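Below is one structure, written out as structure tokens, with a few remarks after it.
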Amino acid sequence: MKTHPDPVLPDPGDARLTRRVSGTDHTGAATEIAVVEERPLTIFLNAREIVTAMTIGDHPEYLALGFLRNQGMLRDDDEVTGVDFDDEIDTVVVRTARATSFEDKLARKTRTSGCAVGTVFGDMMEGLEGLTLPPAELRTSWLYTLARDINTTPSLYLAAGAIHGTVLCERDRMLVYMEDVGRHNAVDKIAGWMFRRGADPADKILYTTGRLTSEMVIKTAQMGIPILASRSGFTAWGVEIARQAGLTLIGRLRGQRFVCLSGEERLVRDADPASAPREERGHRRKAEADD
């Protein structure tokens with residue numbers, strides 16, 4: 001029988017990730033709320049400085065590995081000999097046995113305006129050439145269960161808001177739940193976790209609270225994950241690339257509802273939407289407007 005490790009879940013009680021801030025409300029009365037922390041993290045690949053990301057500060061090693069992996073700067077055949085984080089200067093250095101072919105290439109590329117961390121878009125598109133995603137099925141009963149469980153799991157979003165979540169799932173079970181101020185950071189943390197553990201992406205579902213943009217679709221496909229779901233909406237190019245890559249794309253997943261714009265053939269409609277759990281008001285996330 002296949003066994004699963006305990007899921008990696010957010011820790012909203014970690015005092016390093018939020019702080020209490022005083023102010024006034026709409027009536028002028030004094031109030032105090034929790035807000036998420038935001039700090040810079042500089043990522044190095046060997047001796048080369050790659051990027052400074054604004055992040056909440058948890059799981060810096062996963063963020064660095066996942067960012068480099070998703071940008072095409074780190075390949076499966078690159079031997080990682082160390083991932084060193086210095087919390088005094090907020091720096092993480094990923095070391096490989098030999099220089100990668102992407103270290104010199106980076107200087108000649110143009111960045112785009114991603115959320116919190118830019119992307120080297122040309123390298124990302126190159127990663128889709130010849131890509132074939134596995135034909136994993138997706139049961140609607142899994143979607144309904146995941147939508148409920150993700151929304152009700154204690155998280156920084158429920159504690160303070162103003163943050164994105166990304167969850168790696170298998171069937172109707174959460175495996176890894178990462179949060180960050182930028183949706184790309186949260187996805188990169190998942191990619192770093194998978195890279196570090198050699199996780200098989202073939203039967204996985206990636207859930208995000210962010211928009212289903214071209215970059216989000218490309219990252220998911222590059223990670224080898226065949227299904228991407230979100231409670232937010234789509235962009236036209238994101239849908240087009242998902243169809244080209246053979247990625248199942250589920251958006252506007254909220255309670256009993258969702259929309260599938262790519263990969264309909266993977267869907268197994270095994271649950272009556274009317275029987276799905278409704279989304280409680282206290283756990284409703286904002287969608288596009290909060291992205």
> Of everything in segment 190-227 that's in contact with a Pro (Cβ under 9 Å, 6 or more places away or on another chain), not hydrophobic (A, V, I, L, M, F, W, C) and not in a loop (DSSP other than H, G, I, E, B), which residue is surrounded by the fewest Cβ atoms within 10 Å (Cβ to Cβ)?
Replying inline: K204
>> So A186 passes all but one of these: (1) out of contact with any Pro (no Cβ under 8 Å at 6 or more places or on another chain); (2) farther than 14 Å from G57 by Cα; (3) small (G, A, S). Which condition number does it fail?
In response: (2)
>> Of all residues being buried (at least 24 other Cβ atoms within 10 Å of the Cβ) and in contact with a helix residue (DSSP H, G or I) (Cβ under 7 Å, 6 or more places away or on another chain) in segment 230-240, which is nearest to Y177 (Cα to Cα)? Just the residue, please.
In response: S232
>> Given the options M174, M216, M194, name the one that is in the same structural domain as R243 (by TED's automatic domain parsing), out of contact with any Gly (no Cβ under 9 Å at 6 or more places or on another chain), touching a residue at least 24 places away in the same chain (Cβ under 8 Å) and not polar (S, T, N, Q).
In response: M174
> Somewhere in segment 40-47, is a residue assigned to a loop (DSSP other than H, G, I, E, B), free of Cβ contacts under 8 Å to residues at least 40 places away in the same chain and in contact with a strand residue (DSSP E or B) (Cβ under 9 Å, 6 or more places away or on another chain)?
Replying inline: yes
>> Pairs needed: first member in segment 264-282, over 30 Å from Q244 (Cβ atoms) and assigned by TED's automatic domain parsing to the domain that holds L247; second member anywhere, modelled with pLDDT of 80 or more and outside any loop (DSSP other than H, G, I, E, B); C-beta distance under 7 Å; at least 6 residues apart or different chains.
In response: A276/Y144; P277/Y144; P277/R148; E279/N151; E279/R254
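The values are calculated or read from the model by the stated rules, or taken from the named source; none is laboratory data. Since this is a predicted model, take the numbers as computed values, not measurements. Cβ coordinates were reconstructed from backbone atoms using ideal geometry, including for glycine residues, and neighbour counts include every protein chain displayed.
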